[in-house]
Structure formats: structure tokens, C-alpha cells
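The values are calculated or read from the model by the stated rules, or taken from the named source; none is laboratory data. These figures come from a predicted structure and were not determined experimentally. All Cβ positions, even for glycine, are placed from backbone atoms using ideal geometry, and neighbour counts span all protein chains on display.
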Amino acid sequence: MISEIGLLYAAGVAYLGLLFFIAHATERGWLPAALVRHPLVYILSLGVYATTWTYYGSVGFAQSEGYTFLTIYLGLTLAFLLAPVLLAPVLRLVRDYQLTSLADLFAFRYRSQLTGVLVTLFMLMGVLPYIALQIKAVTESVSVLTQEAPPNLLALGFCATLGLFAILFGARHITPREKHEGLVVAIAFESAVKLVALLLVGGFALFQVFGGPAGLGDWLAAHPQALEALNEPVSEGPWSSLMLLAFAAAFLLPRQFHMLFVENMDPRALQAASWGFPLFLLLLNLPIPLVLWAGQARGLEIPPDYYVLGLTAGDGAGWLALLTFIGGVSAASAMMIVTTLALAAMCLNHLLLPAHVTQQSLPQSNLYGWLLWGRRLLILLIIALGYGFYWLLEFNQGLVQIGLISFVAVAQFLPGFIALLFWPRATRIGFIAGLSGGILMWLLALILPLLEASGLPGLPLNLAALMGAEEENRWAFATFWSLAVNSALFVLGSLLSRPTREEAEAALACRREQLPPARTAGEVQSVSQLETHLARVVGPQTAALEVERALQDLDLKATERRPAELRRLRGRLERNLSGLMGPLLARMMVDNRLDVAPQTQVALADSLRFVEEQLEHSTVRLRGLAAELDTLRRYHRQVLHELPLGVCSIAPCGDILIWNHTMSTISGIPAEDAVGQPLESLKDPWEGVLRTFINGDDRHLYKLQLSVEGRYRWLNLHKAAIESSVTGDSAAHGLGGMVVLVEDLTELHTLESEVAHNDRLASIGRLAAGVAHEIGNPLTGITSLAQNLRYEQDPAEVELTVRQILEQTRRINDIVQSLITFSHAGEAPRPLPAAVDLRACVDEALQLVQLGGSGREITCINGVPRELRARGNQQRLLQVFVNLINNALQASRPGDRVTLTGARVPGGVEVRVEDEGSGIEDGLLDQIFEPFFTTKPPGEGTGLGLSVVYSIIQDHGGTVYADNRPEGGTCFRIRLPAAEEEVMA
Amino acid sequence: MPTLDKTVILFLTGLLLFASPLVGWWSRPGLPWFTPYLLWGGLIGLGALAHLLQRRHDL
């Protein structure tokens, strides 16, 4: 025996000091992050499940109920095997909506303050005796080791130390987004200590007491009743009921919920925990039969609950006894710390805060500090209550019995929990009715007999006895009847009531099938307004911080004004506030203060993005037809996004819904900057172009020239209204709007320009001989005149000769200028359209054509009126006339005439180019403007001339037609917009 | 095999071993004292195997 109580006290204090150091080292980052976030740490932290009940009480349980003690761990194993369908969805919910406790989860799903209050109060009732039990286990373990009654100060000191630890390392941050890594690592360390201590005690029992496995085999052979005592109760005892209780406790006990979900740092660790944590429990329980038999073999005269301690203490292994004692302190302290933290979060969100919000007494400055200190005070209060229970209750029942009372209590949350995941029809009325019924049965079947046995005042009513249940079956009785009444009332209440809109939304969120956010009457139109409204509830400092945090979460700017983004921001604020003060208060604040987005159509932008996000995240869960449809949706979306046409869909309110890759390329505006934005927010020139086009009557707009980021683009625009019939039943969501297709013709246009240029160069080549001839004549004249000038003495003659030379030079200059003008036509930058004198233009074209020498025997008549002017580019129109006249001359026979006439027509001017040639076959009239189409033999024509004409006239917004004349020959009619003065005339 | 299928199979195996009349079989006299631990360990091993296979598949 360890006789020095001071030594035990010192060891306990030193151990708790070590815990402080580990937590502190973790918080300061002295431990590597890879270790802190390793799944093993998470698994060990879940070991908080194993309290002094497991550590000390399992041996006593095994002694009285045999292998039935394993049910407490086998039930949990079954729950963890179901982790992907049972625990992972809850973990996702807790993380997504920043829920901090089981009460938060139920209040979130069943949308009722009463739900949160009821869950919190019942949890307090169910778990406080369990906390008291831990204090009792520690003090009794001291008593077992020292053989004397422990001083009262011991329990008080123990409680105070744990309270301090919980405050320092468990209530460091107020938001659940910031995990308490120090706490998690410290709890994991405590689990490791428990495991090592129990394994060492098991080893001690096997090798020291029995002398090894062979010795154990001999002892069991000599005492067959020992093994029978373990096996027999399996078939007779409350096996199934305890399995069910443990199944529920695995995730519903406050400490389990806290470590499993709230302090989870990496969701993937849950997968490892699904088998790793049961393995931890198996190792922890492996020594239990050995310790029991060793205690029996040694004939220990202490309660079997403390064989673990007494076995080593009584055999001179002082260090092992001390380690075992430390293991017991670990089990108790871990449970008390984590349970207290979880209960404090519940009390804060569902008892303290609602009271303050109702009275409007929340502080306007430093709300975080207020919440943090509120939680800390609650931690102290709960530990004090546990200590009070320790004093009040006379624990004449075993450790396991008190623990099981808590297990039955938390099992009452099982129907609500299962319904939360799998039954959207469940309502708050059903939940409250069921839970109330379950609590009543729990009180009648377990608590009243406990009070009576503890000598406390209460009703002398034992329900189990009244209904004829035997004492050994009271757990089965209490479990069955409390859960049966609970479930029946829950189902009945749910079926007889209707879920509210909020409940229905929450049910869908729990099943990850949430509908788009509710549409509310809007008032907030900017982030600053949002902050101002929020500040009225939580104060300006908190509002500023929360808004900034939400903006960071969503990667939005403070200048954000898009209704859909403001709505997302509001949703994020609600979730973040939920982490601070629970889901109900957060919803209340957001609903009352932060209404945004008045139009139904905004919900459409939200819906599309939301549905997309949901489908992206839930692919693995889609099966059958849904999966096929999703594949089809992805295919269509991909087609839409990869389309070589720009696609832009606009909601009726003007918000952009779709902006595909090509649209981003053409516009230079990324999809993320456009989608969800109102049309007005697009940069120039897109806002103006799209708005004008959408509001205009034309369904198509051809060859629109835009200057985008310093370079010209030529675009065709097409639009179509999205009729509600296309979207079917979804019209109820306010669908409709417009889809705009944008065709980028810039490359085609460049190609056409090159073709036109090549055509001009070809023409210049053809003109070369004529040019040489035309220049040669005046040159000869100049030469002769210059030679004559040498001998001329008369000043008047000299003057005349010089004038003639200058005249000839001007002729040459005109020819050269015409060539330069022609060859440069169409090259960028193009001059702006101006009034073009069509007669002068035709004259110049005729001169150029005659330079080529063709058609010398054909008469060309320029009958275009002098006053006829078109709006256009003179150089490009010159090319048009050159090509048409050339075409006419080539089609004419010697002696024919080519006549050019012009006239004003409605909406413009018309120039006709007529020849008396052979005409064009009717079947070919439709094709003559196509590039490379020619009726000439190969090598004699490029087939580009008329296509260039067509392209230039189109660019001018005009038309060109070709017809055969009745009297023979062809007539080309060009219509062009009239110059302004022409229109005025 | 999809995760849901594996989860259901594992859970049903656990129910069969520890929440069915089969408990009478493994708790009968004559079997080693560690029989329930062996069965429990086997079930955990299957869970670990399923998890490891899933991880490899994910990779």
C-alpha cells in the first residue's frame, strides 16, 4: 500500500501539471502539426469515452455480469462501423453550420428554442451524477491506496484544477472554427496513459500473479467456475439493451459529441477512427478478465471495482500502483473536462444567451469577451454542481450503475438523432413529445429508485417493480420502455403535426438536399448596410469582425453589391454567428436584421449556383436514374462551356447566369467576375452592347465592330428568349430571361482583309503593263520637251515648254497616286466613314482599269450623277468599282459598252454597273459572290473579285445584287447608305 | 464495392456476431476465454481492411 497521501496528491498534481504543459506546448506550436493532426491523436482523444467506469468499474461489472461488460464497447463498435452513414453526415453538418453541441444540432433541425432548452436541461440531469461519479472514483482510489478516508480538500482541489484546465485550454476560442488543439492532444495523452496503465496491470496479472499464460490456463482449469461466471450472463442478462445503450452513447454522450464532431480537425480522421477507436477499446478491455481472476486468485478484500488498483498496490509494485492511480485520474479528469465544456456550450447557447437576447441585455462592445467569460463561468458552475452531487448523493451503487443511468438518459436522443438524418417528416412537436415521454420514463424507472436508495426524499415509486420486472432486468426494462414511449410519441406527434417551413428547410439541409434560401423582403443592398444592421444587435466591433470574416470565407470584397453574393454573405454570417451563439439566435438575428435581395429572380441566380454546388458535392451519393441525369447534366454543361460561341444567359432581372469560356475569352471578363453580377456591372463596352441588343427588336446583329482592350473585334450577336415552356415546372422559380450568343468574326474578318489585299495586289500586277505604258507616254513627251528646251531661246516658248513638262509630270503623279491609293485600300487603321463622291470614285476606278489596258475597244460611260454621295470609305469603294468594272469588261465583247449609273433610292443610294456581255447563267447567280468562285478557265481568275465586293459592301451596311439584263448582259446593283447631306437633300 | 455496401455488410456481420443468438455459441463452455475478443478483433480487422481498400481506391 502507498501510505503517503501526500505522495498521491503530489503525483496527481504533477500529472495534471504535465497535462497543462502538453496542452500549452501544443497551443504554442511546439509539437509538430503533423503529429497534432494525426488520426491517431483523434482516435486517442475519443478515448474520453473510457471513464473511471471502464478503468475501474469494468472489473466489477465483469464480476457481476460476466462478459456483458463488453456490450458497452461492442455497441460502440457497431455505431462506428456505421460511421459513413451515421457519423460522417453529422460531422459535415456540425462543420458546415458551426454547431457546438448536441443541443445546437437538435435546435438547428427542429427549429425551436424549447428543443434546445429541453435537451440542455435533460443532459444536465443525466450527466451531472456521472461527473459526481468521477470525483467519487478518484477519492475512493486514494482511499484504496492509503487505506484511510481521503480529506475533503482532495475532491475540491481536484475539481478546481480541472475547472482551471477546462477554462485555459477548452474555452480559449469562442468560435468552433478554431479548434482547441491543446485540449485534444491532452485528452489523447490521457487516453494513452489509461491504455498503458491498464495493459501493464493486465501484464502484471498474467505474469506476476499467474506466472504466464500456462499458469493462467492451469488456474482456469482448476477454477472452471471463473470462466463460466463470465460466459453465463451473456445469454441471460440485458445484453441487447446494453448494446443499444452503448450504440447511442457512442455519439450522443456530450463528451463523445464534443470530441467526435466539434473538435474534429480533419474529417478524414473519422474514417480511421471507425476501426481505430474500437481497436483502442478492445486493447483497453483485454486485461479486464485477467485482473478479475488475478484479484480472485489473490483473494483481495476490496470491491472488485478497485481490483485494478488493489492488485498492484498490494504486491509491492509501488510504481505500478502509482501509475494505475494516475491512469484513474486520467480517466476521471478527461471525462470531467470534456463533459463540462460540452455542457457549458449548451447552457450558454440555450439557457444564458436566449435570456439575455430576450431582455436585450447583450453587451454592445466586446461581445466575444462576454461570451468567452460566460462560457468560463458556466464551466466552473457545472463543475461545482458535479461536486454538489458528489456530496449529496450517497453512492451505494456501483460505478457502472450510475454510468448506465446516464447512458439511458442520452439514449433518449436516439430517435431524434436518427430522424434528423433519415426522416424529413419529423417535427419539433414530435421530438419534444417523444423526449418528454422518454424523460418521464427515465425518471420513474431509474431516478426515483436511485433517490430512494440514496436516502434522499422522493416518491417511493419503483416502476420496474410495479410492472413486475425483476431487479436484474431493470436496465432492459428502463431502456425498452423509455425508448418505446419516446419513439411512439415522437412518431405520433410528428404525424399529427406539420413541419414548419423552417423545419422543412432544416430537414433538407440535414439530408444535404437543401432548397434555395428563402426569399424575403429585401432592404440590404451593400456590405456596409449589412454591417450596420448587424451592429444593432451585436455591437459595431463584433459586427465589423464578423462581416470581415465572412467576406474572407467567401473571398468577396467589401464593395460587393451583387444581390446573390450578398445573400451568400448573409448565409455565411448566419453560420458564423451560429458558432458564437447557437443556430437559433443566429437565424433570428439574420432573419430580423439582414433581409436581402427582394426579387424572385435573384433566387434563380442563387438556385443555379446552389444546385451546381450541391450536385458537385454529392456525386458519390447519386444512384440509378439520378446518376444518369447528372451525367447528362455534366455533358450538357460541358458542351455549353466548351462551345466555340460565346454564351451568355441573363435572368429577367438582368443578372448574368451563364458566362461560358468563349465568352470570357472574347470579352476578357472571367466567368467568376460576371456570373451573378447585374448586367450594369460589366465593363465597357459590354454592358452597353448587351443591353442595347437585348432591349432592341433585332434578333441578330451582324459584323458589329467593337474596340476591346485596344484592338478591334468584329462580332455577330444572336439572341433568343428563354420561354417558360422550355423550363417546364421550374417556371415557379422565376425562370425566363434571355440567352445571347456571341460569334467572334475577328479572325474571319482578318482573313477577308487579306483576301481583299491579295486581290488588289493581283490587280496591280495586271495593271503593271498599262501603268508602264501610261507613264511611258508622258515620259517620252517630257524627254522631247526637255531636249527642245535646251535649244529654245524665246522666254515665252521656254515658259510654255516648262508648263507642258509640269503637265506631263502631273499626269504621272496622278497615275502613281491612284496606284498607291488602290494598293493601300483596306489597311488598318481604317478611316471613319465619310461622304464619298461616287462619280469621282467611279472616274478614278475607270482610270485605273484603263491603265490595265483591258477593254480598250469597249466604251465605259460614267453616268453617275455629280451630287450622289454615299457614306463609306473611299478607298474601299474604289476597290469595289475597280472589281466590278474589270468584271464587266472581261464579260464584254469589242464594241460593247459598260455603263455606270446612279440614283437616290429610299434609305440610300444605288449604283448600277451594266454590261452588254453574255450574262451569267441563272443557276450560278447565287454563287458568284462566294470566294474562289469563277467561270473562267483555271489560271485566269482568282475568283476573289466579287467576294471582296460582297464583303466590302456588307461592311458598309449595304447590299449588292447581280441580275441578267433582259436585253443581254449583266447588271450589278449596289446599295449603300446615303451620306448625311444626301439624306438631307 | 461502394462504401455503403461495405458499411452495411460490416454492420450486419457485427449484429450477427454480437446481437443474435450466435452469442450463445461463442459463450458456451469449452472455448478459450479470449474468444469474444478474437471475434471483436476480427470484426475490427474487416473494418480496417475496408478502410484501407477504400483509401487505395481513392488514390
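Observations
- Qualifying positions in the stretch A:813-847 - at pLDDT below 85, of a type in the set (Val, Ile, Thr) and either at positive phi or buried (at least 17 other Cβ atoms within 10 Å of the Cβ) (or both): A:Ile815
- Some residue of the stretch A:918-933 being at pLDDT 80 or above, of a type in the set (Val, Ile, Thr) and more than 60 Å from the chain's Cα centre (by Cα): yes
- Of the numbered criteria (1) assigned to a helix (DSSP H, G or I); (2) among the polar types (S, T, N, Q); (3) away from chain B (no Cβ under 14 Å), the one A:Gln271 fails is (3).
- Scanning the stretch B:19-42 for residues that are more than 7 Å from chain A (Cβ to nearest Cβ) and among the hydrophobic types (A, V, I, L, M, F, W, C) gives B:Leu22, B:Trp25, B:Trp26, B:Leu31, B:Phe34, B:Leu38, B:Leu39.
- From the list A:Leu230, A:Leu260, A:Leu220, A:Leu282, the one residue that fits, being at the interface with chain B (Cβ under 9 Å from one of its Cβ atoms), assigned to a helix (DSSP H, G or I) and under 19 Å from A:Leu81 (Cα atoms), is A:Leu282.
- Of all residues making up the stretch A:396-415, the number that are modelled with pLDDT of 85 or more and among the small types (Gly, Ala, Ser): 3
- Segments classed as helices (runs of 4 or more DSSP H), wholly inside the stretch A:291-378, with at least 1 members that are under 30 Å from A:Ala226 (Cα atoms): A:307-313, A:318-347
- Restricting attention to the stretch A:81-92, the residues being at the interface with chain B (Cβ under 8 Å from one of its Cβ atoms) and part of a helix (DSSP H, G or I) number 4.
- Residues of the stretch A:25-57 classified as away from chain B (no Cβ under 12 Å) and surrounded by fewer than 22 Cβ atoms within 10 Å (Cβ to Cβ), total: 14
- Scan of the stretch A:304-349 for residues that are hydroxyl-bearing (Ser, Thr, Tyr), more than 46 Å from the chain's Cα centre (by Cα) and under 17 Å from A:Phe189 (Cβ atoms), ordered by number: A:Thr324
- When A:Ala355 is tested against the conditions (1) closer than 30 Å to A:Tyr56 by Cβ; (2) surrounded by fewer than 16 Cβ atoms within 10 Å (Cβ to Cβ), the lone failure is (1).
- Subset of the stretch A:652-674 (residues that are buried (at least 21 other Cβ atoms within 10 Å of the Cβ) and modelled with pLDDT under 80): A:Asp655
- A:Leu245 meets the conditions (1) surrounded by 24 or more Cβ atoms within 10 Å (Cβ to Cβ); (2) away from every other protein chain (no Cβ under 14 Å) in every case but one. The failed one is (2).
- Complete set of residues in the stretch B:1-14 that are out of contact with any helix residue (DSSP H, G or I) (no Cβ under 6 Å at 6 or more places or on another chain) and more than 7 Å from every other protein chain (Cβ to nearest Cβ): B:Met1, B:Pro2, B:Asp5, B:Val8, B:Ile9, B:Leu12, B:Thr13
- Residue list for the stretch A:285-319, filter: among the polar types (S, T, N, Q) and within 13 Å of chain B (Cβ to nearest Cβ): A:Asn285
- Restricting attention to the stretch A:899-924, the residues that are in a loop (DSSP other than H, G, I, E, B) and either more than 14 Å from A:Thr970 (Cβ to Cβ) or not hydrophobic (A, V, I, L, M, F, W, C) (or both) total 8.
- Scan of the stretch A:28-58 for residues that are more than 14 Å from A:Ala331 (Cβ to Cβ) and in a helix (DSSP H, G or I), ordered by number: A:Ala33, A:Ala34, A:Leu35, A:Val36, A:Pro39, A:Leu40, A:Val41, A:Tyr42, A:Ile43
- Filtering A:Ser191, A:Ser240 for residues that are out of contact with any strand residue (DSSP E or B) (no Cβ under 7 Å at 6 or more places or on another chain), assigned to a helix (DSSP H, G or I), hydroxyl-bearing (Ser, Thr, Tyr) and away from chain B (no Cβ under 14 Å) leaves a single hit, A:Ser191.
- Test for A:Leu87: is it within 23 Å of B:Gly41 (Cα to Cα) and free of Cβ contacts under 8 Å to residues at least 40 places away in the same chain: no
- Test for A:Gly60: is it small (Gly, Ala, Ser), touching a Lys or Arg at 6+ places or on another chain (Cβ under 7 Å) and surrounded by 19 or more Cβ atoms within 10 Å (Cβ to Cβ): no
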